[in-house]
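Working notes for the structure below.
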Amino acid sequence: MTSPSVAHDADERRSDRKRRAIVEAATAAFLEHCYRGTSMDAVAAGAGVSKQTVYQHFGDKQRLFRELIAATVQSASDPVYDEVRRLADSGRLEKDLRDLARRLLTLVLQPRMMRLRRLVIAEARQFPDMGRFFYELGPGRTITALGDTFAELALQGRLDAPDPMLAASQFNWLIMSAPLNEAMLLGRDDAPTPREINRWADRGVRTFLAAFPDHPSSGRRPG
């Protein structure tokens, strides 16, 4: 006989699978048909569940839209955030900044991410909170983490950054501005090539370190 705890765990796993299926189906539907053109019936059909199940998990269409923003943006921002925070212990700052820039470009310029960004911008007048939510989970979170890390490096005497948050914003946009504008305004949906990623990353980091020099010979902050 199955114990109550085992049955409960099995129910939780089924519920999690349904939730993930709903988010995946909703992402495909919203990106294909935009917000207004997507119905909860279509999401339920795509997920292979009833419409009632969709409402049980998410309540309404707006909450579902918010959930897919979180799932998509955090898939990129979580690994970037972890890599940014490791920079404070870097023994090869220039190399590690280049590696970070490549990771940032690769994740942010994914076709699905670009399509979601366009959708959020298109819906910003009706749902301004969604744009703020996207920003806080994505670029805002990354820039804040960079600012905190650059402040630590400045305290260690390893980076000449008297205004760490300004340095963080400028690093982000030195890397991202040209490819992001091209993707957003020209409707580019294909992922950039490794050669393009390397060129943007290397030139951006070179320009950044010309303005905010690193000092590899400086000692680390005393423990």
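Of note:
- Relative contact order (%) - the chain, alpha-carbon pairs under 8 angstrom, separation at least six: 21 percent
- Lysines with Cα under 25 Å of Lys51, excluding same-chain neighbours fewer than 8 positions away: Lys18, Lys61
- Per residue value of the accessible surface for the chain (all protein chains in place, 1.4 Å probe), Å²: 54 Å²
- Hz values of 3J(HN,Hα) by residue in the stretch 186-203 - Karplus curve (6.51, -1.76, 1.60), Gly and Pro given as x: 9, x, 6, 10, 8, 5, x, 6, x, 5, 5, 4, 5, 5, 4, 5, 5, 5
- For the chain, built as a Gaussian network whose Cα springs stay under 10 Å, the top-fluctuating residue of Ile197, Ile121, Ile143: Ile121
- Taking the 1.4 Å solvent-accessible surface of the stretch 77-223 as the whole, the part contributed by carbon and sulfur is 53%.
- Distant-in-sequence amide contacts of Leu159, defined by a placed amide H-H separation under 5 Å and a gap of 5 or more residues or a different chain, comprise Ala154, His215.
- With R₀ set to 30 Å, the beta-carbon distance separating Asp189 from Arg36 gives a calculated FRET efficiency near 0.90.
- Segment Tyr135-Asn198, length gained on full extension (0.36 nm per residue, minus Cα span): 20.2 nm
- Shape of the stretch 51-147 from the C-alpha gyration tensor: prolate (a/c of 1.5 or more and a/b above b/c, with a ≥ b ≥ c the square roots of its eigenvalues).
- Summing +1 for each Lys or Arg and -1 for each Asp or Glu among the other residues whose beta-carbon sits under 15 angstrom from that of Trp200 gives +4.
- The modelled label-to-label distance for the pair Ser15/Gln126, using points 7 Å beyond Cα in the direction of Cβ, is 3.1 nm.
The values are calculated or read from the model by the stated rules, or taken from the named source; none is laboratory data. Here the structure is a predicted model, which is why all the values come from computation and not from measurement. Cβ sites come from the backbone with ideal geometry, for glycine too, and all protein chains shown count toward neighbours. The area values use the complete protein model at the heavy-atom level, side chains included, leaving out ligands, DNA and RNA. Shrake-Rupley method; radii C 1.70, N 1.55, O 1.52, S 1.80 Å.
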